[in-house]
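Bear in mind that the values in this text are calculations on the coordinates, not laboratory data. These figures come from a predicted structure and were not determined experimentally. FYI the Cβ positions are ideal-geometry reconstructions off the backbone, even for glycines, and counts take in every protein chain you see.
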Amino acid sequence: MNNFQRIGQNDVLPLLLSIKRQPELWKADTYLRDYPQGPFGEVESIMLRFPEKRVFEQEAELEKYKQGASQFDQHESIFYPAWDLLPEAHSIVYGLMAYTKATRLGRIMINKIKPGGVIFPHKDTPEHATYWDRFHVSLQSGPGCNFRCDDEVVHMAAGEIWWFENLLEHEVQNNSAVDRIHMVIDLRLKR
């Protein structure tokens, strides 16, 4: 079985230029980078769509939330302010949804790994990886930036769109001379 599948090509230059004009977006949300013992300690992210982060002021509020958790949809995401600041991403996301005939839109984030940086080996949770299909749109990448999933390794060139099996162990090593920038999109496909 192939753990990666290249499914298309897109003009990503307008989105990449818009990101470069707004470097403050990389510092707006550090949730993934700061996640305890997570694999993204060396990654900067721009959250376009992600689950709502909940902060509970009191223990009683947390308990009330937990009791109603059966009504909580763990797969629901909301648009973050960066979505409106990067309209160049919209046609890429909605085009991919149309192409794949997706029935639901999940998380969307743009991740940057500096030269020499890594995303450490990890598997996405089964609850997430079996519900969603994971797509990567490579916005910028140089030779030497390798993406491993299980025993397969690929280089995703700028503009390429890839599906990959995020239920398996995967990691990224950026041994190139440029930042590796990918837009990650989760889509629910008909089963």
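Odds and ends about this structure:
- Gyration tensor verdict on the range 75-191 (Cα atoms; rounded if a/c is under 1.5, prolate if a/b is larger than b/c, oblate otherwise): oblate
- Of the residues H90, V184, T125, the one whose Cα sits farthest towards the positive end of the charge dipole of the chain is H90 (charges of +1 on Lys and Arg Cβ, -1 on Asp and Glu Cβ, taken about the Cα centre).
- Its Cα centre serving as origin, the chain has a Cβ charge dipole (Lys and Arg +1, Asp and Glu -1) of approximately 440 debye.
- Residue-averaged [θ]222 nm for the chain, counting only DSSP H segments that reach four residues, each worth -39500 (n - 2.57): -6500 deg cm²/dmol
- A straight chain from N175 to A129 at 0.36 nm per residue would run longer than the Cα-Cα distance by 13.9 nm.
- Three-way shape label, the range 1-45, alpha-carbon gyration tensor, a/c 1.5: oblate
- Backbone HN-Hα couplings from phi across the range 140-152 [Karplus 6.51/-1.76/1.60, Hz, Gly and Pro as x]: 7, 6, x, x, x, 8, 10, 10, 10, 10, 6, 10, 9
- Pairs beyond 21 Å (Cα-Cα), from K20/K112; K112/K190; K20/K53; K20/K123: K112/K190; K20/K53; K20/K123
- Given +1 at the Cβ of Lys and Arg, -1 at the Cβ of Asp and Glu and no other charges, the dipole of the range 110-174 around its Cα centre is 400 debye to the nearest 20.
- Taking Cα atoms only, the orientation of helix 88-100 departs from the longest principal axis of the chain by about 90 degrees.
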